[in-house]
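Trainee: Before I ask anything, let me first share the structure, which is written out below as structure tokens.
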Amino acid sequence: MRRIRLLSFIALAAVALVAAGSRIDSYDHYGVEQWRPLVEEFFPADEVENVLSVMACESHGKPNTRYMEEWGVESVGLMQINEGWLTGWSRPEWSILSHSGQPVDLTDPATNLQAAKFVRHFEDTTGLRPWSQWACQPQ
């Protein structure tokens, strides 16, 4: 019986260590620091660390990252912007389209960060909780 308890404890401890290791406490090793100067161009100083933290979790700093959401909408780029933001869903003023009506290239880091700034502005102006539009939250 003691052996079973000991093995159960070891297994539980191993699960706890793996779970703790999956939390992003440091994003330096995800290559997002290379984007800091660009992030600083688009976001206020008090948001830069939040942006880099979310970026580390969402795309690991890889601008060509794409993820098909379970509801059939693709998320693209450094900040994993949903393509729904391109069309503005039901309100044109929410749209991230160029003035010519052509979709923007969300794999372009500057464009993606500009879109993320728009989404954050949308959250602020509509009273949504900051970072509520992202699966990853700032650490």
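Trainee: Are any residues in region 95-139 among the acidic types (Asp, Glu) and either at pLDDT 90 or above or in a helix (DSSP H, G or I) (or both), and if so, which ones?
Mentor: Filtering region 95-139 for residues among the acidic types (Asp, Glu) gives 105, 108, 123-124.
Within region 95-139, ASP108, GLU123, ASP124 meet the criteria.
Trainee: Please pick out the residue among SER22, SER8, SER90 that is open to solvent by 80 Å² or more (accessible area, probe 1.4 Å), of a type in the set (S, T, N, Q), farther than 24 Å from GLN114 by Cβ and at pLDDT below 55.
Mentor: The conditions single out SER22.
Trainee: So, in region 106-139, of the ones that are acidic (Asp, Glu) and over 17 Å from SER59 (Cα atoms), which residue ends up nearest to the chain's Cα centre (by Cα)? Before the answer, list the steps.
Mentor: Applying the first criterion (acidic (Asp, Glu)) to region 106-139 yields 108, 123-124.
Imposing the further condition that a residue be over 17 Å from SER59 (Cα atoms) reduces the set to 123-124.
Working: GLU123: 14, ASP124: 17 Å.
Going through the qualifying residues, I end up with GLU123.
Trainee: While we're here: From the list VAL51, VAL32, VAL39, VAL73, which one is modelled with pLDDT under 85, surrounded by 10 or more Cβ atoms within 10 Å (Cβ to Cβ), of a type in the set (Val, Ile, Thr) and closer than 30 Å to VAL104 by Cα?
Mentor: Of the residues listed, the single one that is modelled with pLDDT under 85, surrounded by 10 or more Cβ atoms within 10 Å (Cβ to Cβ), of a type in the set (Val, Ile, Thr) and closer than 30 Å to VAL104 by Cα is VAL73.
The values are calculated or read from the model by the stated rules, or taken from the named source; none is laboratory data. All values reported here derive from a predicted model rather than from experimental measurement. Quick reminder, even Gly has a Cβ in these numbers, built from the backbone with ideal geometry, and neighbours come from all protein chains shown. Just so you know, the surface numbers come from the protein's heavy atoms only, side chains and all, with ligands and any DNA or RNA stripped out. Shrake-Rupley method; radii C 1.70, N 1.55, O 1.52, S 1.80 Å.
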